[in-house]
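Below is one structure; the comments refer to it alone.
The values are calculated or read from the model by the stated rules, or taken from the named source; none is laboratory data. Because the structure is predicted, anything quoted here is derived from the model rather than measured. Here Cβ is always computed from backbone atoms with ideal geometry, including for glycine, and neighbour counts include all displayed protein chains. For the accessible areas, the whole protein counts, side chains as well, though only heavy atoms, and no ligand, DNA or RNA atoms are used. Shrake-Rupley method; radii C 1.70, N 1.55, O 1.52, S 1.80 Å.
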Amino acid sequence: MQLAEDVAIVAFEQTPSHAHFNDSEPAMIMPCVNSVIEQVGMDRHDIDFTIAGSCDYLSGMPFAFVMNIDAVGAWPPVYESHVEMDGAWALFEGFVRLQSGDIDTVLVSGSGKCSPGSYREAFSLQTDPYVHAPLGLDPRTQAGFQAQALIAAGKATERDFAEVVARSHANAKNNPYAQLGGDLSVDELLAEPYVQQPLRRHDCPPTSDGAAAMIIARADKARELCDNPVWIRGIDHRIESHHPTLRDLTDSPSVRVAAERVGLHDGPVDIAELTVTYSPEEVILRDALGLNGETKVNPSGGPLTGSPFMAVGLTRVIELARAIRNGDGRRGAAHASSGPALQQNLLCVLEGDS
């Protein structure tokens, strides 16, 4: 991918995945924003552009995202934008904005509170209003369709799903941001009852409240602000049909195209932080990305151990950036998804400083 401007992540922060956060969403975002600004030693009014990702459906109020601006400081007036998507898509917009070359820094955030209501009911309202929404076709139901399609096609078994869960929980044991974690037996997991056959409760994400923020900057500014920037070498997102019957639910061509566009296999992929919201999705993503056994997949535990909606994709980028900065890998991929059954997919390639 040929970029007009090199862009790096210079600061990042995330909240733990809360089963229930007892304060407002701005109160959840504010510590993250304060932390990233402190990390780079900037005044918040020196940030050139602010972009947030969140979902009004979760709070049930129109323009609920406006209140979140209190967390970044709206006075004096700030240059601000918003996407009704996961914070990873806010990162995409911020990255594209920096390519214009007239600004140097972008503050990106993502946040969501699911605990006050039912995310299954909220997100079914975002589906096709003529066919799917009246049926209440929620994400878990469509994930169940996808899991059954994998089994019927002979591409996976319920044991494969359980192995994904067991590994994810084991990886999350030492992650302070995870909501769940521990050693689980695959056989014990397979003995659990179904919640949406062939899915069991552990195949689905926990309900989580959470927020994340980062600052990205153009090359010269990045080196001025940070001793060890993490470079965004490519970012791309693709969309498939919103009608599940028009897609092969056992494959993800949009992920495959995004991987090609960002040059995923132009170098080693040491780590992959994937938005595996439901365990069968890892089977599909591994295949679409062409990952081999040398790539560590979701060493953080991934969304199965903590899934702050509207921030889960952005936290994949943060978890990867942290791992690279800590020396756990040199180059990796972060993946975000939106819509049911991997309908929309974003891929971001990160690389450590040379």
| request: Determine if segment 231-242 includes at least one residue that is in a loop (DSSP other than H, G, I, E, B), among the hydrophobic types (A, V, I, L, M, F, W, C) and open to solvent by 10 Å² or more (accessible area, probe 1.4 Å). | output: no
| field | The lone exception for A272 - which of (1) open to solvent by less than 30 Å² (accessible area, probe 1.4 Å); (2) assigned to a loop (DSSP other than H, G, I, E, B) it fails | value | (2)
| request: Say whether the condition of being open to solvent by less than 10 Å² (accessible area, probe 1.4 Å) and either touching a Leu at 6+ places or on another chain (Cβ under 8 Å) or within 30 Å of L189 (Cα to Cα) (or both) is met by at least one residue in segment 218-230. | output: yes
| task | Restrict the check to segment 88-96 and report whether at least one residue is at pLDDT 80 or above and either among the hydroxyl-bearing types (S, T, Y) or closer than 16 Å to F123 by Cβ (or both). | result | yes
| request: Using the structure shown, decide if G182 is free of Cβ contacts under 8 Å to residues at least 40 places away in the same chain, open to solvent by 40 Å² or more (accessible area, probe 1.4 Å), among the small types (G, A, S) and part of a loop (DSSP other than H, G, I, E, B). | output: no
| request: Take D328 and decide whether it is part of a loop (DSSP other than H, G, I, E, B), open to solvent by 20 Å² or more (accessible area, probe 1.4 Å), modelled with pLDDT of 95 or more and closer than 22 Å to D138 by Cα. | output: no
| Which numbered condition E294 fails, given (1) touching a helix residue (DSSP H, G or I) at 6+ places or on another chain (Cβ under 7 Å); (2) more than 24 Å from P198 (Cα to Cα); (3) surrounded by fewer than 21 Cβ atoms within 10 Å (Cβ to Cβ) | (1)
| note | Flagged pairs (Cβ under 7 angstrom, 6 or more apart or on separate chains; first in segment 56-69, among the polar types (S, T, N, Q); second surrounded by fewer than 18 Cβ atoms within 10 Å (Cβ to Cβ) and modelled with pLDDT of 75 or more) are N68/P26
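This table checks each residue for (1) without any contact (Cβ under 8 Å) to a residue 24 or more places away in the chain; (2) out of contact with any Pro (no Cβ under 9 Å at 6 or more places or on another chain); (3) under 28 Å from R44 (Cα atoms).
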{"position": "F95", "(1), (2), (3)": "no, yes, yes"}
{"position": "D102", "(1), (2), (3)": "yes, yes, yes"}
{"position": "A143", "(1), (2), (3)": "no, no, no"}
{"position": "A152", "(1), (2), (3)": "yes, yes, no"}
{"position": "K155", "(1), (2), (3)": "no, yes, no"}
| remark: When (1) open to solvent by 30 Å² or more (accessible area, probe 1.4 Å); (2) more than 25 Å from N345 (Cβ to Cβ); (3) among the hydroxyl-bearing types (S, T, Y) are applied to T105, the one that fails is (1)
| said: Please go through (1) under 21 Å from G306 (Cβ atoms); (2) open to solvent by 20 Å² or more (accessible area, probe 1.4 Å); (3) in contact (Cβ under 8 Å) with a residue 12 or more places away in the chain for D160 and return the number of the only condition it doesn't satisfy. | reply: (1)
| Qualifying positions in segment 201-219 - touching a residue at least 24 places away in the same chain (Cβ under 8 Å) and either part of a helix (DSSP H, G or I) or closer than 30 Å to A162 by Cα (or both) | H202, D203, C204, P205, P206, T207, S208, D209, G210, A211, A212, A219
| message | Six or more apart or on different chains, Cβ atoms under 7 Å: show the pairs whose first residue is in segment 15-38 and under 18 Å from G313 (Cβ atoms) and open to solvent by 20 Å² or more (accessible area, probe 1.4 Å) and whose second is among the aromatic types (F, W, Y) and in a loop (DSSP other than H, G, I, E, B). | response | P16/Y177
| remark: When every residue in segment 99-110 that is assigned to a strand (DSSP E or B) and in contact with a Leu (Cβ under 9 Å, 6 or more places away or on another chain) is compared, the one nearest to S208 (Cα to Cα) is G110
